[in-house]
Amino acid sequence: ASTLGAAAAQSGRYFGTAIASGKLGDSAYTTIAGREFDMVTAENEMKIDATEPNRGQFTFTAGDRVYNWAVQNGKRVRGHTLAWHNQQPGWMQSLSGSSLRQAMINHINGVMGHYKGKIYAWDVVNEAYADGNSGGRRDSNLQRTGNDWIEVAFRTARAADPAAKLCYNDYNIDNWTWAKTQGVYNMVRDFRARGVPIDCVGLQSHFNANSPYNSNYRTTIQSFAALGVDVQITELDIQGGSATTYANVVRDCLAVPRCTGISVWGVRDSDSWLGAGATPLLFDGNGNKKAAYTAVLDVL
Ligand code: XIL
């Protein structure tokens, strides 16, 4: 196959990217994105502040722009994200307790209701675990509503759109030896044991010098998959853009049947949230395929 999406499809997987609605008028951008990828994540447009800027008032203009571009170009869509401590609108940041809990539930229902039946997988909860060695939850206004907030979010999500896969998504849960990974693993195991609806774990996979790709990545993917959930690599970027590391990531996913797809977090280096200088993606700022692109295509 000659594109990332077609190559991934050979093994029943997808290859996606984050798309920014503000770039859909850039034909160099849409040409590459349209040709290479078969899964789309809205980089910001389906987040809480974008979809519910005022309490109870939902706006899907930008989210729909990304969604419609994807579907009109034959791609599926991952939903990102419904419950998160970041990119909350001001009104939500100032809520707490039962009113915040209810606002979270209303938000999940509002957004998933709008996209009902149209989303491959939702990142229901994003980044709920703490960095460092605790292996516990991150402190946040959502966490302070009670430790059960994550399972409430997943139960609400299942009822709102039974067709969508429901994922827990986080960074630094790719290194099997890290406490954060073990904390999330234990939560997923507990959810599966108690019948809390969860279908997938998203490994963001933002790799850099402090959080490098590690050779136990495949063990992490296998371990989550053994709990009976799919694993998706949801936001892959590698600072410096090592072709070898990109190839290793793809090989590790292909080695696990339940690793169902890979998405990179942007199209060209100049589109990266890390800045073009990080050179973390598969296309350079001029839209040329990098060595990492060829390495990925070769492995797929
Ligand atoms: C980033 C976007 O790429 C930026 O445009 C935005 O300013 C901040 O958020 N983890 C996530 C993504 O789950 O939503 C983040 O996206 C990157 C880290």
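The values are calculated or read from the model by the stated rules, or taken from the named source; none is laboratory data. Remember, it's a predicted structure, so these values are computed and weren't measured experimentally. Using ideal geometry, Cβ is built from the backbone for each residue, glycine included, and neighbour counts are taken over all protein chains shown.
Summary of computed values
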read-out: Qualifying positions in region 120-151 - more than 16 Å from the ligand (Cβ to nearest atom) and either within 25 Å of E45 (Cβ to Cβ) or among the charged types (D, E, K, R) (or both); value: Y120, R137, D139, N141, R144, D148, W149, E151
read-out: Residue list for region 161-194, restricted to those being among the polar types (S, T, N, Q) and touching a Pro at 6+ places or on another chain (Cβ under 9 Å); value: N175
read-out: Some residue of region 261-282 being among the β-branched types (V, I, T) and farther than 23 Å from D298 by Cβ; value: no
read-out: The lone exception for N210 - which of (1) without any contact (Cβ under 8 Å) to a residue 40 or more places away in the chain; (2) more than 16 Å from the ligand (Cβ to nearest atom); (3) in a loop (DSSP other than H, G, I, E, B) it fails; value: (2)
read-out: Test result for G202, at pLDDT 95 or above, in a helix (DSSP H, G or I), small (G, A, S) and within 20 Å of D123 (Cβ to Cβ); value: no
read-out: Options T41, T59; residue that is of a type in the set (S, T, Y) and touching a His at 6+ places or on another chain (Cβ under 7 Å); value: T41
read-out: Residue check for F191: more than 16 Å from the ligand (Cβ to nearest atom), buried (at least 23 other Cβ atoms within 10 Å of the Cβ), over 15 Å from the mean Cα position of the chain (by Cα) and hydrophobic (A, V, I, L, M, F, W, C); value: no
read-out: Any chance V201 is within 16 Å of the ligand (Cβ to nearest atom), touching a residue at least 60 places away in the same chain (Cβ under 8 Å) and buried (at least 16 other Cβ atoms within 10 Å of the Cβ); value: no
read-out: Hits in region 204-232 - residues which are of a type in the set (K, R) and surrounded by fewer than 17 Cβ atoms within 10 Å (Cβ to Cβ); value: none
read-out: Residue, nearest to the ligand (Cβ to nearest atom), within region 154-172, restricted to residues that are touching a residue at least 24 places away in the same chain (Cβ under 8 Å), in a loop (DSSP other than H, G, I, E, B) and on the phi < 0 side of the Ramachandran plot; value: Y171
read-out: Matching residues, region 226-282, being touching a Ser or Thr at 6+ places or on another chain (Cβ under 8 Å), among the acidic types (D, E) and farther than 16 Å from A121 by Cα; value: D237, D269
read-out: Test: residue in region 234-244 that is touching a Leu at 6+ places or on another chain (Cβ under 8 Å), crowded, with 17+ Cβ neighbours inside 10 Å and acidic (D, E); value: yes
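Every residue, every condition in (1) within 16 Å of the ligand (Cβ to nearest atom); (2) part of a loop (DSSP other than H, G, I, E, B); (3) aliphatic (A, V, I, L, M), yes or no:
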{"position": "G228", "(1), (2), (3)": "no, yes, no"}
{"position": "I233", "(1), (2), (3)": "yes, no, yes"}
{"position": "T245", "(1), (2), (3)": "no, no, no"}
{"position": "P257", "(1), (2), (3)": "no, yes, no"}
{"position": "I262", "(1), (2), (3)": "yes, no, yes"}
